[in-house]
Amino acid sequence: MADSAVAFDVKAWLARQAYTLVLRLGTPIYLWRVWSRGREEPDYRARWPERLGFYPGSAGPASDRGQRGAWVWVHAVSLGEARAAAPLIAALRAQQPDLRLLLTHTTATGREAGRALLLPGDVQTWLPYDTPGAVCRFLRHFQPSVGVLMETEVWPNLQHEARRAGVPMVLANARLSPKSLRQGQRFAALLRPAAQALSVTLAQTESDAERLRAMGADPVHVCGNLKFDMTPSPDLLAQGRRWRGADARPLCLAASTREGEESGLLDAWMAAGPAMASPRPRLLIVPRHPQRFDEVAALVAQRGLSLSRRSAWPDGQPDAAALLAEVWLGDSMGEMPAYYAAAAVAWLGGSFAPLGGQNLIEAAACACPLIMGPSTYNFAEAAELSLAAGASRRVADWPQAVHMAQIWLVEGVSAAQAAARAFASQHQGASKRMAADILRRTLPP
């Protein structure tokens, strides 16, 4: 038994060394990609030395630790994680008002969304590239009391070095699909030690917890899904209702669409044209990633459909030209609650390609009935609960999705809107449970 344990330790060490070597060799490519993405999203070029753990000046935030409470580090990789982190950060502040927030990201969209979560004295920075040197510089500079990774983040060197530095690491709002479990088990020598390095894993569902335990995480607590605690901005909801009231035509929203989905939607939309109810619905497309706004606009133009872009609306309201357009393009960031509030019915992006779907809970919180495609493994339990509650319906493809939207518009959506609102409210409370567990692990300031 002892020999097998030693053999496994050696295998894990070799796997992490090989992983580190690949990352070091790929550092120039990584930096080039970051700099290149900055052409379309300038935030990628902001403070880019932080990506390698280099910070201006010699004294870091750890030097003024005595001014306020413990540093709580939350990593929200991108836009979805930053939004999900909002209720958790609010609960952390409510339970420990003097905490100082260290907020890290990997993407520009996450960084932009994260700015709204900062208070005076907080710090926002990039998560360093996962090489031992960059990670050690980051931990030495900030000396957080606890680290919180969101949902699916696994960084072998980061978690290894945090354990060596005595920083407890928490995986919050954790989820793991069966597909990801199978992939992880193929790289168990590398990923199992990273899972074992976590102080605690706070899972969304019992099914997620079982899969996370199979990957080596222990202990694992089931706390629910933070996304149920996300509160849509009242101002954005009111803005969406103004958009809805600007015209008699109902809006059908394709929310957070991914590459390849818009073409299928547009083809199904045009094919259904003669059967459209009166007044003919207007199509609203909101791509998931801002770098694809122009690409989606070109797809609409190729089909001869008139288009109005949200970014061109004067004073944020659709003008006369927008009200004549057949398609609206939601080319803005941070306005998804407004788009949901404007829509009579929505289709869930990422579910009509084998991508596992996007956050369907946000639609429910905005009382928007949802039509899902076949791929929702990222939110499997939430999808089934939503279907059971009558807040959503599932279809096989885009032609069925467009047809189902037509049926829902004819039948009326008021009952589905009420079901969506009730579904969202019934599953709240995860943020308070997770915050309490995280703060139990903070070191004394």
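General observations
- Condition met for residue 134 (of a type in the set (A, V, I, L, M), part of a helix (DSSP H, G or I) and modelled with pLDDT of 95 or more): yes
- Residues within the range 33-48 that are surrounded by 12 or more Cβ atoms within 10 Å (Cβ to Cβ), part of a helix (DSSP H, G or I) and over 20 Å from the mean Cα position of the chain (by Cα), tallied: 4
- Qualifying residue in the range 105-112 (condition: among the small types (Gly, Ala, Ser) and in a helix (DSSP H, G or I)): yes
- Checking each residue in the range 1-32 for being at pLDDT below 95 and outside any helix (DSSP H, G or I) picks out only 1.
- Here the range 194-207 is the region considered, the condition is being touching a residue at least 60 places away in the same chain (Cβ under 8 Å) and open to solvent by 10 Å² or more (accessible area, probe 1.4 Å), and the residue that is nearest to residue 151 (Cα to Cα) is 204.
- Scan of the range 410-445 for residues that are aliphatic (A, V, I, L, M) and surrounded by fewer than 17 Cβ atoms within 10 Å (Cβ to Cβ), ordered by number: 410, 415, 418, 422, 436, 443
- Residues in the range 248-275 that are open to solvent by 50 Å² or more (accessible area, probe 1.4 Å) and out of contact with any His (no Cβ under 9 Å at 6 or more places or on another chain): 248, 249, 260, 267, 270, 271, 274.
Conditions tested, residue by residue: (1) of a type in the set (D, E, K, R); (2) under 26 Å from residue 35 (Cα atoms); (3) open to solvent by less than 30 Å² (accessible area, probe 1.4 Å).
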| site | (1), (2), (3) |
| --- | --- |
| 70 | no, no, yes |
| 76 | no, yes, yes |
| 89 | no, no, yes |
| 103 | no, yes, yes |
| 147 | no, no, yes |
| 154 | no, yes, no |
| 157 | no, yes, yes |
| 172 | no, no, yes |
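- When 163, 137 are screened for being under 15 Å from residue 200 (Cα atoms), over 25 Å from the mean Cα position of the chain (by Cα), of a type outside the set (S, T, N, Q) and open to solvent by 30 Å² or more (accessible area, probe 1.4 Å), only 163 passes.
- When 332, 351, 308 are checked against the criterion of being crowded, with 17+ Cβ neighbours inside 10 Å, closer than 15 Å to residue 398 by Cβ and of a type in the set (Ser, Thr, Tyr), 351 stands alone in meeting it.
- Cβ-Cβ contacts under 6 Å between residues 6 or more apart (or on different chains), taken from a first residue in the range 128-155 that is closer than 20 Å to residue 15 by Cα to a second residue that is among the small types (Gly, Ala, Ser), are listed as 134/53; 154/194.
- Test: residue in the range 44-67 that is in contact with a helix residue (DSSP H, G or I) (Cβ under 7 Å, 6 or more places away or on another chain), hydroxyl-bearing (Ser, Thr, Tyr) and modelled with pLDDT of 90 or more: yes
- In the range 247-264, the qualifying residues are those that are in a helix (DSSP H, G or I) and free of Cβ contacts under 8 Å to residues at least 40 places away in the same chain, and the one that is nearest to residue 293 (Cα to Cα) is 262.
The values are calculated or read from the model by the stated rules, or taken from the named source; none is laboratory data. Bear in mind the structure is a predicted one, so any value in this text is a computation, not a measurement. Cβ: placed from backbone, ideal geometry, glycine included. Neighbour counts: every protein chain shown. For the accessible areas, the whole protein counts, side chains as well, though only heavy atoms, and no ligand, DNA or RNA atoms are used. Shrake-Rupley method; radii C 1.70, N 1.55, O 1.52, S 1.80 Å.
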